[in-house]
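The values are calculated or read from the model by the stated rules, or taken from the named source; none is laboratory data. Model, not experiment: these values are computed from the prediction. Methodologically, a virtual Cβ is constructed for each residue, glycine included, from the backbone with ideal geometry; neighbour enumeration extends over all protein chains shown. Quick note on the areas: whole protein, heavy atoms, side chains included, nothing else; ligands and nucleic acids left out. Shrake-Rupley method; radii C 1.70, N 1.55, O 1.52, S 1.80 Å.
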Amino acid sequence: MKDKVLVSPAPHIHDATTIPNVMWNVVLALVPALIASVYYWGFRALFLSLLGAVTAVCTEALIQYLRKVPIRISDGSAFLTGLLLAFNLNISAPWWLPVVGAAFAIAIGKQVFGGLGNNPVNPALLGRAFLLASWPTLMTGGWQATRFGSMNGITNLSLISDQLQTIAPKAHALVTSATPLNVAQTLRDTSFVSTFTQSPALNTDIANKIFISLTDGSTLQNLFWGNVAGCIGEVSVFALLLGAAWLLWKNIIEWRIPLFYLATVAVLTFFFGGIPGSGMSFSVPIFHLFSGGLILGAFFMATDYTTTPLTKTGRIIFGIGCGVLTVVIRMMGGYPEGVSYSILLMNVFTPLIDMVTMPKAFGKVKK
(Lines give C-alpha, C1' and ligand atoms only; values in the text may rest on other atoms or scores of the structure.)
Protein backbone atom coordinates (compact mmCIF):
# COMPACT_ATOMS: atom_id res chain seq x y z
CA MET A 1 0.00 0.00 0.00
CA LYS A 2 1.36 3.35 -1.03
CA ASP A 3 1.93 6.03 1.59
CA LYS A 4 -0.70 8.72 1.68
CA VAL A 5 0.41 12.29 0.98
CA LEU A 6 -1.49 15.06 2.70
CA VAL A 7 -1.45 18.40 0.88
CA SER A 8 -2.40 21.46 2.91
CA PRO A 9 -3.78 24.66 1.38
CA ALA A 10 -1.33 27.27 0.05
CA PRO A 11 0.95 28.90 0.94
CA HIS A 12 3.32 26.00 1.44
CA ILE A 13 6.42 28.04 2.32
CA HIS A 14 6.33 29.67 5.74
CA ASP A 15 8.69 32.00 7.56
CA ALA A 16 8.78 33.41 11.07
CA THR A 17 6.53 36.36 10.18
CA THR A 18 3.43 36.56 12.35
CA ILE A 19 0.83 39.24 13.01
CA PRO A 20 2.24 40.05 16.48
CA ASN A 21 5.76 40.17 15.03
CA VAL A 22 4.69 42.69 12.39
CA MET A 23 2.58 44.87 14.67
CA TRP A 24 5.06 45.12 17.53
CA ASN A 25 7.88 45.84 15.10
CA VAL A 26 5.89 48.79 13.76
CA VAL A 27 5.28 49.97 17.33
CA LEU A 28 9.01 49.67 17.97
CA ALA A 29 9.70 51.71 14.83
CA LEU A 30 7.49 54.50 16.19
CA VAL A 31 9.42 54.75 19.45
CA PRO A 32 12.02 57.24 18.07
CA ALA A 33 9.19 59.58 17.02
CA LEU A 34 7.61 59.23 20.47
CA ILE A 35 10.93 60.02 22.14
CA ALA A 36 11.31 63.09 19.90
CA SER A 37 7.83 64.32 20.83
CA VAL A 38 8.61 63.96 24.54
CA TYR A 39 11.90 65.82 23.97
CA TYR A 40 10.16 68.76 22.29
CA TRP A 41 6.94 68.92 24.35
CA GLY A 42 7.44 66.98 27.55
CA PHE A 43 5.69 63.98 29.04
CA ARG A 44 2.20 65.10 28.00
CA ALA A 45 3.07 63.69 24.56
CA LEU A 46 3.71 60.30 26.15
CA PHE A 47 0.53 60.56 28.24
CA LEU A 48 -1.72 61.26 25.24
CA SER A 49 -0.04 58.56 23.15
CA LEU A 50 -0.42 55.86 25.80
CA LEU A 51 -3.98 56.98 26.49
CA GLY A 52 -4.90 56.40 22.86
CA ALA A 53 -3.12 53.04 22.74
CA VAL A 54 -4.62 51.72 25.99
CA THR A 55 -8.11 52.89 25.01
CA ALA A 56 -7.84 51.05 21.69
CA VAL A 57 -6.74 47.84 23.42
CA CYS A 58 -9.57 48.02 25.97
CA THR A 59 -12.15 48.78 23.27
CA GLU A 60 -11.04 45.82 21.19
CA ALA A 61 -11.07 43.47 24.18
CA LEU A 62 -14.57 44.59 25.17
CA ILE A 63 -16.01 44.20 21.66
CA GLN A 64 -14.39 40.81 21.12
CA TYR A 65 -15.81 39.69 24.48
CA LEU A 66 -19.29 40.88 23.51
CA ARG A 67 -18.97 39.19 20.11
CA LYS A 68 -17.93 35.98 21.90
CA VAL A 69 -14.82 35.58 19.79
CA PRO A 70 -11.27 34.95 21.04
CA ILE A 71 -9.70 38.05 22.59
CA ARG A 72 -6.53 38.73 20.62
CA ILE A 73 -5.33 42.05 22.00
CA SER A 74 -1.82 40.62 22.43
CA ASP A 75 -1.27 40.76 18.65
CA GLY A 76 -0.49 44.49 18.95
CA SER A 77 -2.82 45.67 16.18
CA ALA A 78 -5.14 47.60 18.51
CA PHE A 79 -2.21 49.12 20.40
CA LEU A 80 -0.71 50.30 17.10
CA THR A 81 -4.02 51.80 15.94
CA GLY A 82 -4.44 53.76 19.16
CA LEU A 83 -0.84 54.96 19.06
CA LEU A 84 -1.14 56.16 15.46
CA LEU A 85 -4.41 57.90 16.27
CA ALA A 86 -2.76 59.78 19.13
CA PHE A 87 0.20 60.64 16.88
CA ASN A 88 -2.26 62.60 14.72
CA LEU A 89 -3.28 64.94 17.56
CA ASN A 90 -1.60 68.12 18.72
CA ILE A 91 -0.05 68.38 22.15
CA SER A 92 -2.77 70.68 23.50
CA ALA A 93 -5.58 68.20 22.77
CA PRO A 94 -7.78 67.45 25.81
CA TRP A 95 -7.28 64.02 27.36
CA TRP A 96 -10.65 62.71 26.15
CA LEU A 97 -9.88 63.35 22.47
CA PRO A 98 -7.53 60.35 22.01
CA VAL A 99 -9.95 58.25 24.06
CA VAL A 100 -12.93 59.02 21.81
CA GLY A 101 -10.84 58.80 18.64
CA ALA A 102 -9.23 55.46 19.52
CA ALA A 103 -12.56 53.94 20.58
CA PHE A 104 -14.16 55.04 17.30
CA ALA A 105 -11.20 53.77 15.26
CA ILE A 106 -11.45 50.29 16.77
CA ALA A 107 -15.23 49.98 17.04
CA ILE A 108 -16.30 51.56 13.74
CA GLY A 109 -13.12 51.38 11.72
CA LYS A 110 -12.21 47.79 12.51
CA GLN A 111 -14.49 45.58 14.62
CA VAL A 112 -17.73 46.48 12.85
CA PHE A 113 -16.25 44.88 9.71
CA GLY A 114 -15.23 41.71 11.51
CA GLY A 115 -11.88 42.63 12.99
CA LEU A 116 -8.29 42.57 11.77
CA GLY A 117 -7.93 41.94 8.05
CA ASN A 118 -11.49 42.90 7.15
CA ASN A 119 -11.43 46.68 7.52
CA PRO A 120 -11.67 48.54 4.17
CA VAL A 121 -9.82 51.67 5.32
CA ASN A 122 -7.10 52.46 7.82
CA PRO A 123 -8.81 52.57 11.27
CA ALA A 124 -6.48 55.19 12.77
CA LEU A 125 -7.04 57.56 9.84
CA LEU A 126 -10.79 56.97 9.99
CA GLY A 127 -10.67 57.88 13.68
CA ARG A 128 -8.75 61.04 12.85
CA ALA A 129 -11.28 61.98 10.16
CA PHE A 130 -14.09 61.47 12.69
CA LEU A 131 -12.39 63.76 15.22
CA LEU A 132 -11.70 66.36 12.55
CA ALA A 133 -15.34 66.40 11.49
CA SER A 134 -16.65 66.43 15.07
CA TRP A 135 -14.22 68.83 16.77
CA PRO A 136 -12.47 70.78 14.00
CA THR A 137 -11.37 73.60 16.30
CA LEU A 138 -9.58 71.23 18.66
CA MET A 139 -7.99 69.35 15.76
CA THR A 140 -6.80 72.34 13.73
CA GLY A 141 -6.08 74.91 16.44
CA GLY A 142 -4.26 75.24 19.72
CA TRP A 143 -0.85 74.51 18.25
CA GLN A 144 1.97 74.85 20.76
CA ALA A 145 5.55 75.84 20.14
CA THR A 146 8.32 73.43 21.10
CA ARG A 147 10.26 73.94 24.29
CA PHE A 148 12.71 75.96 22.21
CA GLY A 149 9.95 78.43 21.31
CA SER A 150 9.65 77.48 17.65
CA MET A 151 6.25 77.38 15.92
CA ASN A 152 6.86 77.39 12.18
CA GLY A 153 10.59 76.69 12.22
CA ILE A 154 11.49 80.04 10.59
CA THR A 155 14.64 81.37 12.21
CA ASN A 156 15.00 84.70 10.37
CA LEU A 157 11.48 86.06 10.61
CA SER A 158 12.26 88.97 12.96
CA LEU A 159 12.57 91.71 10.32
CA ILE A 160 9.58 90.44 8.32
CA SER A 161 7.63 90.01 11.55
CA ASP A 162 8.27 93.65 12.50
CA GLN A 163 7.09 94.79 9.07
CA LEU A 164 3.94 92.70 9.34
CA GLN A 165 3.26 93.98 12.86
CA THR A 166 3.15 97.51 11.47
CA ILE A 167 1.42 96.86 8.17
CA ALA A 168 -1.06 94.12 8.99
CA PRO A 169 -1.40 92.89 12.59
CA LYS A 170 -3.91 90.15 11.63
CA ALA A 171 -1.55 88.78 9.01
CA HIS A 172 1.28 88.92 11.54
CA ALA A 173 -0.73 86.80 13.98
CA LEU A 174 -1.59 84.25 11.29
CA VAL A 175 1.99 83.79 10.17
CA THR A 176 3.80 83.77 13.50
CA SER A 177 1.40 81.49 15.40
CA ALA A 178 0.87 78.76 12.80
CA THR A 179 2.45 75.49 11.76
CA PRO A 180 4.59 75.46 8.57
CA LEU A 181 1.80 74.15 6.33
CA ASN A 182 -0.64 76.66 7.80
CA VAL A 183 1.77 79.47 7.02
CA ALA A 184 2.14 78.24 3.43
CA GLN A 185 -1.64 78.04 3.04
CA THR A 186 -2.00 81.56 4.44
CA LEU A 187 0.48 82.93 1.92
CA ARG A 188 -1.49 81.35 -0.96
CA ASP A 189 -4.75 82.88 0.27
CA THR A 190 -5.76 86.09 -1.49
CA SER A 191 -7.41 87.35 1.70
CA PHE A 192 -3.96 87.41 3.30
CA VAL A 193 -2.76 89.92 0.73
CA SER A 194 -5.93 91.97 1.10
CA THR A 195 -5.05 92.65 4.75
CA PHE A 196 -2.22 94.90 3.61
CA THR A 197 -2.91 98.58 3.07
CA GLN A 198 0.14 99.32 0.93
CA SER A 199 0.71 98.79 -2.79
CA PRO A 200 0.22 95.33 -4.35
CA ALA A 201 3.95 95.24 -5.09
CA LEU A 202 4.75 95.55 -1.37
CA ASN A 203 2.15 92.91 -0.51
CA THR A 204 3.67 90.40 -2.92
CA ASP A 205 7.17 91.27 -1.80
CA ILE A 206 6.43 90.53 1.87
CA ALA A 207 4.55 87.31 1.02
CA ASN A 208 7.53 86.12 -1.04
CA LYS A 209 9.96 87.03 1.73
CA ILE A 210 8.00 84.94 4.21
CA PHE A 211 7.76 81.99 1.81
CA ILE A 212 11.49 82.14 1.06
CA SER A 213 12.15 82.11 4.80
CA LEU A 214 9.79 79.15 5.10
CA THR A 215 11.80 77.12 2.59
CA ASP A 216 15.37 78.20 3.37
CA GLY A 217 18.04 75.90 4.78
CA SER A 218 17.65 76.81 8.45
CA THR A 219 13.89 76.27 8.41
CA LEU A 220 14.22 72.97 6.56
CA GLN A 221 16.73 71.89 9.20
CA ASN A 222 14.18 72.64 11.94
CA LEU A 223 11.58 70.65 10.00
CA PHE A 224 13.96 67.72 9.66
CA TRP A 225 14.83 67.54 13.36
CA GLY A 226 11.33 68.43 14.62
CA ASN A 227 11.69 71.91 16.08
CA VAL A 228 8.27 72.99 14.77
CA ALA A 229 4.66 72.97 15.92
CA GLY A 230 2.58 70.07 14.69
CA CYS A 231 0.98 66.78 15.66
CA ILE A 232 2.62 64.60 18.27
CA GLY A 233 4.05 61.91 16.05
CA GLU A 234 4.77 63.76 12.83
CA VAL A 235 7.18 66.52 13.80
CA SER A 236 10.59 64.84 13.59
CA VAL A 237 11.38 63.63 10.09
CA PHE A 238 14.68 62.23 11.35
CA ALA A 239 12.98 60.08 14.02
CA LEU A 240 10.38 58.81 11.56
CA LEU A 241 13.02 57.91 8.98
CA LEU A 242 14.89 55.92 11.63
CA GLY A 243 11.74 53.89 12.22
CA ALA A 244 11.09 53.54 8.49
CA ALA A 245 14.62 52.24 7.95
CA TRP A 246 14.04 49.60 10.61
CA LEU A 247 10.82 48.43 8.93
CA LEU A 248 12.45 48.29 5.50
CA TRP A 249 15.44 46.38 6.88
CA LYS A 250 13.16 43.89 8.64
CA ASN A 251 11.11 43.59 5.43
CA ILE A 252 7.98 44.60 7.33
CA ILE A 253 6.93 47.19 4.76
CA GLU A 254 7.37 47.27 0.99
CA TRP A 255 9.25 50.15 -0.63
CA ARG A 256 7.02 50.89 -3.63
CA ILE A 257 4.20 52.78 -1.93
CA PRO A 258 6.43 55.16 0.11
CA LEU A 259 8.81 55.76 -2.79
CA PHE A 260 6.16 56.59 -5.38
CA TYR A 261 4.10 58.53 -2.84
CA LEU A 262 7.00 60.79 -1.87
CA ALA A 263 8.35 61.05 -5.44
CA THR A 264 4.95 62.14 -6.76
CA VAL A 265 4.65 64.83 -4.08
CA ALA A 266 8.20 66.02 -4.81
CA VAL A 267 7.65 66.31 -8.57
CA LEU A 268 4.27 68.03 -8.35
CA THR A 269 5.31 70.48 -5.64
CA PHE A 270 8.42 71.43 -7.61
CA PHE A 271 6.12 72.82 -10.30
CA PHE A 272 3.05 73.81 -8.28
CA GLY A 273 4.10 73.91 -4.60
CA GLY A 274 5.01 77.57 -4.28
CA ILE A 275 2.90 80.68 -3.94
CA PRO A 276 1.90 82.92 -6.87
CA GLY A 277 4.96 84.77 -8.12
CA SER A 278 7.48 82.77 -6.07
CA GLY A 279 8.80 80.71 -8.99
CA MET A 280 10.20 77.17 -8.82
CA SER A 281 12.86 76.05 -6.37
CA PHE A 282 14.28 72.68 -5.28
CA SER A 283 13.74 73.70 -1.66
CA VAL A 284 9.95 73.80 -2.12
CA PRO A 285 9.54 70.01 -2.62
CA ILE A 286 11.79 69.41 0.40
CA PHE A 287 9.57 71.72 2.45
CA HIS A 288 6.47 69.74 1.45
CA LEU A 289 8.15 66.38 2.10
CA PHE A 290 9.28 67.45 5.57
CA SER A 291 6.04 69.22 6.57
CA GLY A 292 2.91 67.81 8.13
CA GLY A 293 2.24 64.09 8.31
CA LEU A 294 3.66 63.06 4.95
CA ILE A 295 6.55 60.93 6.23
CA LEU A 296 4.38 59.38 8.94
CA GLY A 297 1.63 58.63 6.42
CA ALA A 298 3.88 57.33 3.64
CA PHE A 299 5.79 54.80 5.75
CA PHE A 300 3.43 53.90 8.59
CA MET A 301 -0.13 54.29 7.26
CA ALA A 302 -0.09 53.96 3.48
CA THR A 303 1.74 50.63 3.87
CA ASP A 304 -0.99 48.95 5.91
CA TYR A 305 -1.37 45.36 4.65
CA THR A 306 -5.16 45.15 4.75
CA THR A 307 -6.07 48.40 3.02
CA THR A 308 -3.46 48.56 0.23
CA PRO A 309 -3.14 46.66 -3.09
CA LEU A 310 -1.66 43.17 -3.28
CA THR A 311 0.18 43.54 -6.59
CA LYS A 312 3.42 45.42 -7.22
CA THR A 313 1.86 47.46 -10.00
CA GLY A 314 -1.11 48.20 -7.76
CA ARG A 315 1.15 49.53 -5.03
CA ILE A 316 2.81 51.88 -7.50
CA ILE A 317 -0.60 53.15 -8.60
CA PHE A 318 -1.64 53.49 -4.97
CA GLY A 319 1.45 55.53 -4.07
CA ILE A 320 1.07 57.83 -7.07
CA GLY A 321 -2.61 58.32 -6.30
CA CYS A 322 -1.85 59.25 -2.68
CA GLY A 323 0.76 61.74 -3.87
CA VAL A 324 -1.54 63.41 -6.39
CA LEU A 325 -4.40 63.71 -3.90
CA THR A 326 -2.11 65.08 -1.19
CA VAL A 327 -0.82 67.85 -3.45
CA VAL A 328 -4.29 68.68 -4.77
CA ILE A 329 -5.68 69.03 -1.24
CA ARG A 330 -2.69 71.04 -0.03
CA MET A 331 -2.65 73.38 -3.01
CA MET A 332 -6.37 73.77 -3.74
CA GLY A 333 -8.28 72.69 -0.63
CA GLY A 334 -9.32 74.66 2.39
CA TYR A 335 -7.33 72.35 4.67
CA PRO A 336 -3.52 72.70 4.66
CA GLU A 337 -2.82 68.97 5.08
CA GLY A 338 -3.95 66.26 2.68
CA VAL A 339 -2.19 63.08 3.80
CA SER A 340 -4.98 61.51 5.84
CA TYR A 341 -7.72 62.02 3.29
CA SER A 342 -5.53 60.98 0.37
CA ILE A 343 -4.74 57.62 1.98
CA LEU A 344 -8.37 57.06 3.00
CA LEU A 345 -9.58 57.79 -0.53
CA MET A 346 -7.00 55.45 -2.06
CA ASN A 347 -7.98 52.77 0.50
CA VAL A 348 -11.46 52.89 -1.02
CA PHE A 349 -9.99 52.34 -4.51
CA THR A 350 -7.83 49.39 -3.43
CA PRO A 351 -10.29 46.64 -4.50
CA LEU A 352 -10.59 48.25 -7.94
CA ILE A 353 -6.82 48.57 -8.26
CA ASP A 354 -6.40 44.91 -7.32
CA MET A 355 -9.03 43.87 -9.84
CA VAL A 356 -7.32 45.77 -12.66
CA THR A 357 -3.73 44.79 -11.84
CA MET A 358 -4.15 41.19 -10.67
CA PRO A 359 -2.29 38.87 -13.08
CA LYS A 360 -4.07 35.96 -14.72
CA ALA A 361 -3.76 32.71 -12.81
CA PHE A 362 -1.36 30.21 -14.37
CA GLY A 363 -3.20 27.88 -16.73
CA LYS A 364 -6.46 29.81 -16.61
CA VAL A 365 -8.17 30.22 -19.97
CA LYS A 366 -9.94 33.51 -20.53
CA LYS A 367 -13.56 32.92 -21.63
Please verify whether the stretch 289-302 includes one or more residues that are over 17 Å from the mean Cα position of the chain (by Cα) and buried (at least 23 other Cβ atoms within 10 Å of the Cβ). no
Here is a list of conditions, (1) under 16 Å from the mean Cα position of the chain (by Cα); (2) of a type in the set (Gly, Ala, Ser); (3) not in a helix (DSSP H, G or I), and GLY334 meets all of them except one; can you say which number that is? (1)
For the stretch 30-53, pairs from a residue that is without any contact (Cβ under 8 Å) to a residue 24 or more places away in the chain to a residue that is open to solvent by less than 30 Å² (accessible area, probe 1.4 Å), with Cβ under 6 Å and 6 or more apart or across chains, are VAL38/ALA45
Considering the stretch 263-305, residues that are assigned to a loop (DSSP other than H, G, I, E, B) and β-branched (Val, Ile, Thr), and then whichever is nearest to PHE349 (Cα to Cα), we arrive at THR303
Right, ASN208: part of a loop (DSSP other than H, G, I, E, B) and either surrounded by 13 or more Cβ atoms within 10 Å (Cβ to Cβ) or at pLDDT 75 or above (or both) or not? no
Would you mind telling me which numbered condition in (1) modelled with pLDDT under 90; (2) over 21 Å from VAL31 (Cβ atoms); (3) of a type in the set (Gly, Ala, Ser) GLY230 fails? (2)
Kindly indicate whether ALA184 is modelled with pLDDT under 90, under 25 Å from ILE320 (Cα atoms) and of a type in the set (A, V, I, L, M, F, W, C). yes
Return only the number of the condition from (1) in contact with a Gly (Cβ under 6 Å, 6 or more places away or on another chain); (2) surrounded by 24 or more Cβ atoms within 10 Å (Cβ to Cβ) that ARG315 does not satisfy. (1)
Here are PRO32, PRO20, PRO11: which of them is at pLDDT 95 or above and closer than 22 Å to THR303 by Cβ? PRO32
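Do any helices (runs of 4 or more DSSP H) entirely within the stretch 13-130 hold 2 or more residues that are within 22 Å of the chain's Cα centre (by Cα) and surrounded by fewer than 18 Cβ atoms within 10 Å (Cβ to Cβ), and if so, which?
Once the helices (runs of 4 or more DSSP H) in the stretch 13-130 are filtered for at least 2 residues that are within 22 Å of the chain's Cα centre (by Cα) and surrounded by fewer than 18 Cβ atoms within 10 Å (Cβ to Cβ), what remains is 19-41, 44-66, 96-107.
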